[in-house]
Amino acid sequence: MSTNDNQIKHLKREILVRITEAFLSGDFEENARKIPYAMRPKGCEVDLRCCVHKERAVIRDRIVAGLGYPIEKDDECTLLSTYAKGAAEREKPDEEILTVLQGACKGCVPSTVYVTDLCQGCVARPCKTTCRFGAISIINGKSHIDSSKCKNCGMCINACPYSAIAKIIVPCESVCPVDAIKKDESGHARIDFSKCISCGKCISACPFGAIHEKSQIVDVLSRIKEGKNVVAMIAPAIAGQFPYPVSKVRTALLKIGFKDVLEVAQGADVTTLTEAADFKERMNEGQSFMTTSCCAAYNELVKKHLPEIKPFVSETGTPMYYTAEIAKKRDPDCITVFISPCSSKRKEALDNPNVDYVINFEELGSILVAMKIEVNNLEDSEFETKSSKEGRNFPLSGGVAEAVKSALQYQGENIEVMPCVINGLNKQSIRELKNFAKNGKCPNGNLVEVMSCEGGCIGGNSALIAQRKAQKQITDYANEGGPVVKDSIEQK
Amino acid sequence: MEKIEVEICMGTTCFIMGGESMQELASILQRKYQDKVNTKGIVCHGLCNTDCQYSKAPYVKVAGDVISEATVDKVLSAVNKKLGEEA
């Protein structure tokens, strides 16, 4: 993690803290309006952009996103106080979960391959012979790429013995697995929401921090303030996100004002058992493989780009789906808030009437900072329902497939489970999945677990802790849980 | 030679504002300086609770001196400086 990334995170988090503080202050509208000036006061040093005005303007845009509004539709003259008022009063969060800040987007140089000064003008000219498009010619003894013929394939880069050919990368475009983010006429990034699977890879990739999730913290804080029965549903990844035990994080959530806290690992247990049954049925019917269905970005991918694999995708609901169902069954009027490291869960939540809001770990952390809650000093508190080891291991790559395998073993089923783990969605893994669908079989196993983020949910873009550490903490916490068996779930 | 004391805040604010690399600080210091440095985690320096000072978090103390908006680089150079003074 470079210092640069930390600076962006620091900035984004500070803005969320300030929004929460403004909300709690009693004069939300006025104090929200003042945030850019409080962060960049008169005469302050300007270290990130050209001048104080530009910095304030970009901070303003970040606040607009922090209040849950899309920058794409912002007319730039609406006051932050107006946005703040709207955010506190609105009934439903905005559709589309991501927004690009045009003011923060640098409008990077379009992705191109070009020959640098390091070109030695060698006799072998491997670049020229490698290029299949005839784009390279020799001008003044050095290689030259004709941009109208170049297809950006990068073959010449690998061919050059001097490493003299470079490719300029547009970070957001290069990480997007489905080509949903592209430059518009002005050269700034724009998301095509008909293609976007909300995976959030562009958020982490942009070194200017120009891509934001539209936050729902104000919605959540407003419902809490109204005294509603707001229930926090914490994704199992949370066990790896704080240097404090989950039992203290639970108390911290109650202190924020949530009336109850449920472990989504509890819903993961339902997912495991349902998916195990689904798997068994499909294998008995002679299907050659099944894919998991708990990653929201993967489900969006199937819907928008890979419909041919749909017959192989398990019909099982996600852990969030079952947990929200449990919460709403207990109190149909409760407000459910899913807390996770994932941007695509926001999209899933919008389509699920049982999930009212989603906040991510960064937002949760920022609320804790604003409320000055020292988590480490809090008492422990217990969950009403304890979840299983398998459920708690869901956020790790391989965890879901392992859970299904264990469940079938506990049940004494004689079905061989061969997991094939797709650890991260990218162009390559999407091609693999396409091939599985096309051929009707997967050569590497019969249970294909797909997770959009590398490492699993702990690789989500709002993760607070480095992956290795998160993984260890989750494993330790999971080991406190019992096995995932039907009896234990039904007793609950 | 007396050990240089590095106090790393494990409080909520410094943790949230610190970012991932700060979590590696203790092990980096340990690896680099071994017994020359005494690293300890404390809950809160009490610096973040004054007016909006969380924006300067995370805080780390090196031999009593406060480093605000601490980064791994900043802390390492502060430790180096202290070691230089003592040498």
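For this structure, a couple of remarks:
- Residue list for segment A:266-313, filter: touching a residue at least 40 places away in the same chain (Cβ under 8 Å), closer than 30 Å to A:Lys386 by Cα and of a type in the set (S, T, N, Q): A:Gln266, A:Thr271, A:Thr272, A:Thr274, A:Thr291, A:Thr292, A:Asn299
- Segment B:11-33: number of residues that are modelled with pLDDT of 85 or more and buried (at least 19 other Cβ atoms within 10 Å of the Cβ): 9
- Of residues in segment A:440-490 being among the β-branched types (Val, Ile, Thr) and within 14 Å of another protein chain (Cβ to nearest Cβ), the one farthest from the chain's Cα centre (by Cα): A:Ile465
- Look at segment A:9-29: where a residue is more than 11 Å from every other protein chain (Cβ to nearest Cβ) and a partner is open to solvent by 30 Å² or more (accessible area, probe 1.4 Å), sitting 6+ places away or on another chain with Cβ atoms under 7 Å, you get A:Ala22/A:Asn31; A:Ser25/A:Asn31; A:Glu29/A:Lys85.
- Subset of segment A:24-57 (residues that are open to solvent by 50 Å² or more (accessible area, probe 1.4 Å) and assigned to a loop (DSSP other than H, G, I, E, B)): A:Ser25, A:Gly26, A:Asp27, A:Pro41, A:Lys42, A:Gly43, A:Glu45, A:Val46, A:Asp47, A:Leu48, A:Arg49, A:Cys50
- So A:Arg60, is it within 24 Å of the chain's Cα centre (by Cα), on the phi < 0 side of the Ramachandran plot, of a type outside the set (A, V, I, L, M) and not in a loop (DSSP other than H, G, I, E, B): yes
- Checklist (1) under 26 Å from A:Leu378 (Cβ atoms); (2) surrounded by 15 or more Cβ atoms within 10 Å (Cβ to Cβ) applied to B:Lys36, failing item: (1)
- A:Val64 being open to solvent by less than 20 Å² (accessible area, probe 1.4 Å), at pLDDT 90 or above, assigned by TED's automatic domain parsing to the domain that holds A:Asp192 and not aromatic (Phe, Trp, Tyr): yes
- In the set A:Asp75, A:Asp94, only one residue is closer than 30 Å to A:Pro353 by Cβ, part of a loop (DSSP other than H, G, I, E, B) and away from chain B (no Cβ under 14 Å); that residue is A:Asp94.
- Subset of segment B:50-69 that is more than 20 Å from A:Lys372 (Cα to Cα) and of a type in the set (A, V, I, L, M) - its residue that is surrounded by the most Cβ atoms within 10 Å (Cβ to Cβ): B:Val62
- With respect to the conditions (1) open to solvent by less than 80 Å² (accessible area, probe 1.4 Å); (2) closer than 15 Å to A:Cys131 by Cβ; (3) outside any strand (DSSP E or B), A:Ser143 lacks only one, and its number is (3).
The values are calculated or read from the model by the stated rules, or taken from the named source; none is laboratory data. As the structure is a computational prediction, the values presented were derived from the model and not from experiment. Backbone-built Cβ (ideal geometry, glycine too); neighbour counts: all protein chains shown. The protein model used for the area step is the full one, side chains on, heavy atoms only, and it has no ligands, DNA or RNA in it. Shrake-Rupley method; radii C 1.70, N 1.55, O 1.52, S 1.80 Å.
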